[in-house]
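A.B. asks: One structure follows; several queries about it will come next.
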C-alpha cells in the first residue's frame, strides 16, 4: 500500500487537532515495540482521536486515499495484530469514557480505550461484576479484547469477550459509523454484524465503544486444588462439578512439571497438595447464596473422592489462601520465562480429545526434542490448553527458541487431526495467519475473504492481518 | 427470478432420487399454507435431500442456473421467511440424525431436520439438558430455530439459539459445504462466520447440521407467581432475583388483562394470586443443588416483600402446580385468539425503558383505538415483550385485524424512540423487512447488503427475505 503523502498526513493532523496525533519517535516507540521484545513495527504517524466522529473522519480520509490503517489497543496481544509496518497507527487511548452504567439493566456502555481493569472498576462501582479478566487487564483495552475476542479465566461461567458484548459502535473501513450500541438481549432484525467485528483483529473496522453485559456480585466463593492422575480423570471431575453446581464451576488444569517449575522459579509459591500427582485442577465456585459455594465444593470433592477421580484435595480456608492457589496458575507464564523460555501454543480441543492430544503431543515432541519440559495449563471447561514447551535443562535457550516453528508444526498437526483450533484465545495477527491456512476449511477462508472484500474493497484495514 | 426450466427440475430430481422430491400438490400444500391461514405460497418442486452432499449438489445446480431457493424448517415461524412464491422449496426433514451425543463434552451434533423436541429428548437420553424450548417445539426444527435465532423461555439463563450453537455445517449459496461443526468453545482463527448464518433466515445458506451445547440436568426447581403494581417494580424484583441467585432466575412478566383473558377463555386455568394486581411475574429457579432452588426462592420473595416490591406471592408446592402456573403464561396466545384475536408485536426494549414503553404505548394505542384490551407477556430478563392487542369487546375482529399496520406503526415508533427492536424473537421474514427498514441504522443495512451480495451475488437464497 502507498505511504500516506504529506498532504494526507496534514489533513489527518488538521482533523484530529494538536492533541490528536504525534510523529515524535520517542512517543511512538513504546507503541511499536513488543512487550517481549520479539518484534518491532513502524508508522508515519500515530493518531489518537478523541471521539467516534474524529475516528470516522480520519478513516474516511484514509479510505479516499487508499491509505492503510492499523488499530491498536493496549499493545498486549500475542500475534502482532496491532503492529504497523508503515500503516497509519490509530489508538483509542483518549477515548476512555464510561458513557453509562445501568445496574438495573446489567449493562454498561464504555469507550474502546478504557482498560479492562477500569471497566471492571466501573462495574464494581455500581455493585455489579464485569467478568472479563486476564493477566494484562491493567493495560489491555475494551476495544482490544473485543477485537481479539479475548478469553481469560472466567470463560466457563461467563463466556469469552464475544459473549459479553450486547452492542458495538464502530467505524467501518469506508469511514461510516456503525451505530450498534443497542442495549438489547434479543434483536432478530437481520444479520448480527457485531459478531463479524468481534474477533476481526481490526480488519473490518475500528471498535469505538461497546455495550457490555454486567452480572450480579457473588456472595460466596470457594477455591480448591485437587490432585489427579490423568486428564481423563479431570474431564470426569469437570462433569461432576457441572452437575453439582448446574454449570457454575471454573476449573483450571495444570501439569506437575509446570507446577514444579513455578514452585522453583516464582517466589512465595507453595504446593497446596501434600502428595505430588501428575495433574492438578484448580476449581473455583461462586454463588449468589451465602455459603452455597462452600457447600457445592464439599459435594464436588466428596463425589470425586468416592468415584476415585482425585487422590488429594486442598480447600482454601480464606481469600489469602485462594489467592495463593491462583498465583500458582497465573504465574505459569512467568515461571516458563524464568526456566528458559521456549515455545507457547494456545490450542483448544474438543473436550473428549484432550487426553489423546496430551499423550500424542508429548510423545511426538519428546521423540524430536529429547528432554523437553512441559508447562501445560489452561481452561479445562472450554478445552483450551496453553501447551508450552520449556527447553531441556542445560539447553541454550536461543537455539531452542529458534526451533519453535518445528515444534508448532508437530503440535498443530495433532490439533488439526483432532479437530481442534491452533488459536483458542490469542487470534492470528500477522504472525499466525499462514500457519492457520494449513488447517482452516478452504470454504470458510474463501467466505471470510469475500466478506472482507465486501466491507473493505481496498483492504486498508490492517491489511497484513488475517486472510 | 426465472422459474426453473424442466431440464433443471429433471436434474434436481436425478440428484435427489425418487424419495428426494415431490411435485404432488397434496403433499406440497401443507408446506405452503401458514398455520394461522394467514398466507399461502407456491413452489414448482419440494426437495427433501437425505444428506449434506445432496443439499450441496442441488444448490450448486440452482446457483449455476440462477434459480431461487427457499429453505423451510418446521413451518412454524411468524413472518413467512420459509414461504416460497415460485422458488424451489427445500426441506431438511429427511435429515434428522443425531450424529453424536457427547455428555462429557456437553455437546451433541444433530442434523437440521430434527425437531426441537427430539433434540431435547436426545440430550435427556444422555442425562443432559438442551434448553431451547418454545411452544412449537414438536414441529420446529433445529435448522429452523438456528436460522431464525429463536428465543423461548430459557433465555435469561441459557441464551437464545445463537448462544447454544458451537458449530455449524451448512451449504453456502454457491453450493459449497461450510465445514464448521467444530465442537470448540474457543476458536479465534478469523471471523466467526457461524454467527452470520445464525438468524440469517435462510438468506446466506442452508444449515444442515449443528453442534449444540448441552447442560447438566438440574436437581431442584422452584416456581412462584408474584403480584406487583408496576413494570418498574418488576425490574427491581429482577435485580433482587439475580443478586440472590447469581443470575439464574427466569422471570416472565404478565399483565392483569392478559391473565383475566386467559382465565376467561382457557379451560382449567386459575389465578394463583389471592388479590389481583396490575402485573404479575412468574419466576422459576433451578439449581444443581437439591433444595437450593426452593431456598433461593424464599430469599427472593422475602427480600421483595421487605422492599415493598410485591404484594402477594404463590409458590408452587409441586410439579403439577408449577405446570399450572406456566400454563397461564403459555396459553396467552391461545387466549388472545379466543378473545377475538387482534395484533401481535414482538418487541424488545432496553430494560430500564420498559416501564416508559408500557405507559406510552398503552396511552397512544388507547387514544387511537378506544377500548382495546392488552395481552402483554414476555421474557422480563431480556426485555422482550409480546405486546399484543385484543379488539375492544363487541368489535368486529376482522375489521380490527385489518388495522394492524396502523397499530404496529404506533407501537414500533415508540420502540424505535426508546432504542428497542421491533423483532426480538421472530425475525423479519418476507413480511416485516420493509417495516424494519424504517428503524434500522442505514449503515448496518448497507453492510448487510454488501455481505449478502458477497456470499450470494445472484441473490438466489430466499430472495424476498431480509434486506
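A.B. asks: Output the peptides B:435-444, B:129-138 sorted from most to least packed, where packing is the average of other Cβ atoms within 10 Å over each peptide's residues.
C.D. replies: The most tightly packed comes first, giving B:129-138, B:435-444.
A.B. asks: Grab the DSSP H runs of the protein assembly as shown that are 4 residues or longer, score each as -39,500 (n - 2.57), total them, divide by all residues and round the 222 nm result to the nearest 500 deg cm²/dmol.
C.D. replies: -10500 deg cm²/dmol
A.B. asks: What list do you get for A:349, A:46, A:273 if you sort them by fewest beta carbons within 10 Å?
C.D. replies: Fewest-to-most ranking of A:349, A:46, A:273: A:273, A:46, A:349.
A.B. asks: What ranking of B:372, B:261 emerges when the number of other C-beta atoms within 10 Å of each C-beta is taken as an exposure proxy, fewest first?
C.D. replies: The most exposed by this proxy come first: B:372, B:261.
A.B. asks: Need one number for chain B: average projected area of the convex hull over its C-alpha atoms, nm².
C.D. replies: That works out to 22.5 nm², a quarter of the Cα hull's surface.
A.B. asks: Give me the angle, in degrees from 0 to 90, between the Cα long axis of helix A:116-125 and the longest principal axis of the Cα atoms of chain A, rounded to the nearest 10.
C.D. replies: Computed tilt is about 80 degrees.
A.B. asks: Mind pulling the angle between the C-alpha long axis of helix A:404-417 and the longest principal axis of chain A? Nearest 10 degrees, somewhere in 0 to 90.
C.D. replies: Helix A:404-417 and the main axis of chain A meet at about 70 degrees.
A.B. asks: Can you pull the one-decimal nm distance between simple spin-label points at residue B:370 and residue A:38, each 7 Å off the Cα toward Cβ?
C.D. replies: Distance between label points: 7.4 nm.
A.B. asks: Just the number, please: Stokes-Einstein D of the range B:205-246 in µm²/s, Kirkwood Rh from C-alpha pairs, 20 °C, 1.002 mPa s.
C.D. replies: Details: Rh = 14.3 Å.
Approximately 150 µm²/s, per Stokes-Einstein.
A.B. asks: On average, how many beta carbons from a partner chain sit within 10 Å of the beta carbon of a residue in A:101-107?
C.D. replies: Rounded to a whole number, the mean comes out at 5.
A.B. asks: Per residue of A:327-333, how many C-beta atoms from partner chains lie within 10 Å of its own C-beta, taken as a mean?
C.D. replies: Per residue, the average neighbour count from other chains is 0.
A.B. asks: Among bridges DSSP assigns within chain A, what percent are antiparallel (round to 5)? Walk me through the numbers on the way to the answer.
C.D. replies: On the way: 59 of 67 bridges.
Just about 90 percent of them are antiparallel.
A.B. asks: Binned at 10 Å from 0, what are the whole-percent values of the Cα-Cα distance distribution for the range A:220-329, short to long?
C.D. replies: Pairs per bin, as whole percents: 16, 51, 29, 5.
A.B. asks: Could you check the spin-label model distance between residue A:419 and residue B:404? Points 7 Å from the Cα along Cα→Cβ, value in nm.
C.D. replies: 4.2 nm
A.B. asks: For the range A:98-216, what percent of Cα pairs sit more than 17 Å apart?
C.D. replies: Tail of P(r) above 17 Å: 51 percent of Cα pairs.
A.B. asks: Just want the ordering: B:348, B:464, A:311, from fewest to most Cβ atoms lying within 10 Å of their own Cβ.
C.D. replies: A:311, B:464, B:348
A.B. asks: Using the alpha carbons of the protein assembly as shown, what is the convex hull volume per residue in cubic angstrom, as a whole number?
C.D. replies: For the protein assembly as shown, the hull spanned by Cα atoms encloses 167 Å³ per residue.
A.B. asks: If you scale each eigenvalue of the Cα gyration tensor by 5 and take the root, what three semi-axes come out for the range B:295-444, rounded to whole angstrom and sorted largest first?
C.D. replies: Semi-axes, largest first: 30, 21, 15 Å.
A.B. asks: For the range A:1-151, what is the percent of antiparallel DSSP beta bridges, rounded to the nearest 5?
C.D. replies: Details: 8 of 15 bridges.
If we restrict to bridges inside the range A:1-151, about 55 percent are antiparallel.
A.B. asks: While we're here: What average count of beta carbons from other chains do you get within 10 Å of the Cβ of residues in B:344-355?
C.D. replies: Averaged over the peptide's residues, the number is 4.
A.B. asks: On to the next question. Mean separation of Cα pairs under 8 Å and 6+ residues apart, divided by the residue count of chain B: what relative contact order is that in percent?
C.D. replies: Normalised by residue count, the contact order of chain B is 16 percent.
A.B. asks: Looking at the square roots a ≥ b ≥ c of the eigenvalues of the Cα gyration tensor of the range B:22-99, which shape do they give, rounded for a/c under 1.5, prolate if a/b is larger than b/c, or oblate?
C.D. replies: oblate
A.B. asks: Taking the 0 to 90 degree range and rounding to the nearest ten, how far is the long axis of helix A:442-455 tilted relative to the main principal axis of chain A, both from C-alpha atoms?
C.D. replies: 40 degrees
A.B. asks: Another question about this same structure. Can you give the Kirkwood hydrodynamic radius for the range B:358-400, in Å, rounded to one decimal and based on Cα pairs?
C.D. replies: Kirkwood hydrodynamic radius for the range B:358-400: 11.4 Å.
A.B. asks: Continuing with the same structure: For the peptides B:58-71, A:206-219, what is the packing order when you average, over each peptide's residues, the other Cβ atoms within 10 Å and list the highest mean first? Walk me through the intermediate numbers first.
C.D. replies: Working: B:58-71: 21.9, A:206-219: 23.6.
Highest-to-lowest ranking by the protection proxy: A:206-219, B:58-71.
A.B. asks: Simple spin-label model, 7 Å along Cα-to-Cβ: residue A:163 to residue A:362 in nm?
C.D. replies: 2.9 nm
A.B. asks: So what is the orientation-averaged projected area of the range A:183-255, using the convex hull of its C-alpha atoms, in nm²? Provide the component values of the computation, followed by the final result.
C.D. replies: On the way: hull surface 35.2 nm².
Taking the Cα atoms of the range A:183-255, their convex hull projects to 8.8 nm² on average.
A.B. asks: By per-residue mean of other Cβ atoms within 10 Å, what is the highest-first order of A:106-112, B:412-418?
C.D. replies: A:106-112, B:412-418
A.B. asks: Report D for the range B:340-426 in µm² per second (integer): Stokes-Einstein, Kirkwood Rh on Cα pairs, 25 °C, 0.890 mPa s.
C.D. replies: Stokes-Einstein gives a translational diffusion coefficient of 191 µm²/s.
FYI, it's all coordinate maths here, none of it is from the lab. Fair warning: this is a prediction, and the values are worked out from it, not measured in the lab. Glycine also receives a Cβ, built like all others from the backbone with ideal geometry; neighbour counts cover every protein chain displayed.
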